[in-house]
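Here the structure is laid out as structure tokens; the discussion comes afterwards.
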Amino acid sequence: MCPKNASYYGNRAATLMMLCRYREALEDCQQAVRLDSTFIKGHLREGKCHLSLGNAMAASRCFQRVLELEPDNSQAQQELKNAESILEYERMAEIGFEKRDFRMVVFCMDRALDSASACHKFKILKAECLALLGRYPEAQSVASDILRMDSTNADALYVRGLCLYYEDCIDKAVQFFVQALRMAPDHDKARLACRNAKALKAKKEEGNKAFKEGNYEAAYDLYSEALTIDPNNIKTNAKLYCNRATVGSKLKKLEQAIEDCTKAIKLDETYIKAYLRRAQCYMDTEQYEEAVRDYEKVYQTEKTKEHKQLLKNAQLELKKSKRKDYYKILGVDKNATEEEIKKAYRKRALLHHPDRHSSATPEVQKEEEKKFKEVGEAFSVLSDAKKKSRYDSGQDLEDDGMNMGGEPSGPGNFFFQFG
């Protein structure tokens, strides 16, 4: 076969295309049409190589050349439509990326890759968007496939680093970004990601150091600064929000701490530590129903003895919170002594005794009588060591056959005689 014959290059190109070696095949196709500008199969194959490599504009020119030579060529007509479709998907993907609609970009690239199966540019854009969507294994797989064919591909190295960066493996990520910059010193995305990764790691470590040293205000500020570095790093930012919540609870900023935990969970719904932190904050602010809900979520995910006990404690506090708060009724602390309870009882009983409100309206008399009975009820429980113990442990007091209504009992009842 003569190397100067167009058919020779055309046939070799066809073989290379079957082996998916489109760049080599493209060279043969171009040589074939240089030798014979009317070689229709050569133009068609050149267009298909361009199309497979994602060069839709170049492919269109090849198919248009075929149609100039043979206006009714159905294959050229169909391939021209395929090329136009790829150009449209590229346009839609560009708009989607600008709008941060990464799902749309992945959809467009999947459609484009149906015809441009060997286009690294489309694969890289898809992989980058998969990473931005948190679909790291898929993104890693795409990048790894490219690196197996071309270990120096800076874009693929960048995507590998991006996945590691978003999975909070910052040291490994930086290694890939540096490697990408060695291959392509002008790679802006790799340079920005490398800078963000280093800054994020440094600021987070500063915050951790301040926290360990007990400098909570500084730690809070440092975690806040770290959160402004890269909004796209979901996993690291979830940890930063949880860290700031821990500091917030130390600073008694409990509502802010709850809000930070909620932000962390919104970023990473599987983040157990954030649920535990928020549940503890709910316990500290006596929001027991919310605490129980979080502890239930934790226990469903990780059925450990510790999580089971935390859930039981929260359920107990919720049960206790729905009963009358006898300590609150008497106005004493839960650690009040027997003498403090007795003194508080006398003071509150005096305040609400019916005789003291005999000249009040019927409504006021009724309300004060109710409060007076509650004071007596509270004292009858808190002044009895056994009943108090049952009450404090959340057990049902009705099991004791207690008289929870009626006139107050206990020492000093004679004290309430008004003349």
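Things worth noting here:
- Protein accessible area in region 6-89, 1.4 Å probe - carbon and sulfur %: 47 percent
- Helix 136-149 axis versus longest C-alpha principal axis of the chain: approximately 20°, rounded to the nearest ten.
- Above-threshold pairs, the threshold being 25 Å between Cα atoms, out of K342/K373; K189/K212; K203/K250; K263/K334; K126/K239; K252/K305: K189/K212; K263/K334; K126/K239; K252/K305
- Per-residue extension of 0.36 nm, minus the Cα-Cα distance of K250 and D36, leaves a gain of 69.0 nm for this segment.
- Cβ-placed point charges (K, R +1; D, E -1), dipole of region 230-334 about Cα centre in debye, nearest 20: 320 debye
- Only Lys, Arg (+1) and Asp, Glu (-1) charged, at Cβ; region 326-388 dipole about Cα centre in debye: 180 debye
- Angle between the chain longest axis and helix 74-98 axis [Cα atoms, degrees, rounded to 10]: 30 degrees
- Each listed q (0.06, 0.07, 0.08 Å⁻¹) maps to a log10 I(q)/I(0) for the chain from the Debye sum over equal C-alpha point scatterers, namely -0.51, -0.61, -0.69.
- Accessible surface of region 174-262, 1.4 Å probe, proportion on carbon and sulfur as whole %: 51 percent
- Among A202, A274, A180: highest mean-square fluctuation, GNM of the chain, C-alpha pairs under 10 Å: A202
- The chain: relative contact order as a whole-number percent, Cα under 8 Å and 6+ apart: 6 percent
- Inter-centroid distance (Cα atoms) of region 294-370 relative to region 109-151, Å: 61 Å
- Area accessible to solvent at H187, 1.4 Å probe radius, in Å²: 20 Å²
- Seen against the Cα atoms of the chain and their longest principal axis, helix 154-166 is set at about 10 degrees.
- Modelled FRET efficiency - R0 35 Å, D101 with I272, Cβ distances, 0.05 increments: 0.70
- Sequence-separation-based contact order of region 198-322, relative, with Cα cut under 8 Å and 6+ spacing, percent: 16 percent
- For region 6-89: rounded, prolate or oblate by the Cα gyration tensor [a/c cutoff 1.5]: oblate
- For the pair R356 and E27, label points projected 7 Å from Cα toward Cβ lie 10.3 nm apart.
- For the chain, the 222 nm mean residue ellipticity estimated from helices alone, with every DSSP H stretch of n ≥ 4 adding -39500 (n - 2.57) and the total spread over all residues, rounds to -24000 deg cm²/dmol.
- F102 contributes about 20 Å² of solvent-accessible surface, heavy atoms of the protein only, 1.4 Å probe.
- The simple spin-label model puts a point 7 Å past each Cα toward its Cβ; for S7 and K198 those points are separated by 6.2 nm.
- For region 326-388, the fraction of C-alpha pairs more than 14 angstrom apart is 54%.
- Cα gyration tensor shape for region 125-191, rounded if a/c is under 1.5, else prolate or oblate: oblate
- Residue-level accessible surface for D155, protein heavy atoms, 1.4 Å, Å²: 70 Å²
- Using only the C-alpha atoms, the convex hull of region 198-322 corresponds to 100 Å³ per residue.
- Under the convention that each Lys and Arg Cβ holds +1 and each Asp and Glu Cβ holds -1, the size of the dipole of the chain around its Cα centre is about 760 debye.
- Kirkwood Rh (inverse of mean 1/r, distinct Cα pairs), region 110-245, angstrom: 15.7 Å
- Probe 1.4 Å, accessible area per residue of the chain, Å²: 55 Å²
- Between E340 and D188, the modelled label-to-label distance comes to 6.6 nm, taking each label 7 Å out from Cα in the direction of the beta carbon.
The values are calculated or read from the model by the stated rules, or taken from the named source; none is laboratory data. Just so you know, these numbers come straight off a predicted model, no measurement behind them. A quick note on method: Cβ atoms are made from the backbone with ideal geometry, for glycine too, and the neighbour counts reach across all protein chains shown. When the accessible area is computed, the model is the full protein with side chains, heavy atoms only, and any ligands, DNA or RNA have been set aside. Shrake-Rupley method; radii C 1.70, N 1.55, O 1.52, S 1.80 Å.
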